[in-house]
Amino acid sequence: MDGEHEDEKPLERVQSASLTARVPDAVAAGVFATGAIVLQSPTEVMVDFVQGVASPRRIGVRVVMPPAVAIQFAEALRVNLGIYEATFGRQPKEPEPVPPPGSAGTPREALEASTASPRGEGGGAAAKADRDEASRSASSAAHPPPIADAYDQLKATDDVLGGAYANTVTISHTGSEFHFDFINRCFPRSIVNARVYMAAPRAPALLESLKRSLRMG
């Protein structure tokens, strides 16, 4: 006998050249995220991975890391993106929503079209209201809402808000997605506390969010 009860065995293990970590059943399936919010304090960095496809949007998993680990994560993600592009080519640009029929295009295009008209043409209260609405929409696109407003629109359970601590991160990818395992590397065994999948075109935005929060050049 190996001295380990059958019901204590994990569903799987993560192995690398220098690390073996257990993956609990509750974590093994992972969470698919469409975006991330990065916040930091002097002692920790918090990454909220958001699921934004269905309504209401929700925080799928919250990861808490020391700043030094977050910097290592950002650098490892940068390297992986370089490997991705060397293997699969540059990331395709995500498509923008198609404007509804009869509209003037995207909010920014509508604003440009309305302000490009010669003075005296297209006047009247209705035209001014359209221009004001286009201006507000374009401004919202250029300037995201305050963080408190963003969190007002997100759902999260108490266990998710408690966060998953990680002092090690492993990254892998295919042509279509990136895979992150957030690991608490400690004695007597390392545990994968969170597993996140993200579509490959979203990974550069995650890197930019990390760099901005961590003030990386």
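The values are calculated or read from the model by the stated rules, or taken from the named source; none is laboratory data. Source: prediction; values computed, not measured. Positions of Cβ are generated from backbone atoms using ideal geometry, with glycine treated the same way; all protein chains shown enter the neighbour counts.
Brief remarks follow.
- Hey, Glu85 out of contact with any Phe, Trp or Tyr (no Cβ under 7 Å at 6 or more places or on another chain), part of a helix (DSSP H, G or I), acidic (Asp, Glu) and modelled with pLDDT under 95 or not: no
- Evaluation of Ala142 against the conditions (1) closer than 20 Å to Leu207 by Cα; (2) modelled with pLDDT of 90 or more shows that the sole unmet condition is (2).
- Of the set (1) in contact with a helix residue (DSSP H, G or I) (Cβ under 8 Å, 6 or more places away or on another chain); (2) under 18 Å from Met216 (Cβ atoms), all apply to Val69 but (1).
- For region 95-115, taking the residues that are part of a loop (DSSP other than H, G, I, E, B) and surrounded by 10 or more Cβ atoms within 10 Å (Cβ to Cβ), the one that is modelled with the highest pLDDT is identified as Pro99.
- Filter result for Ser18 (surrounded by fewer than 14 Cβ atoms within 10 Å (Cβ to Cβ), within 30 Å of Met216 (Cβ to Cβ) and at pLDDT below 95): yes
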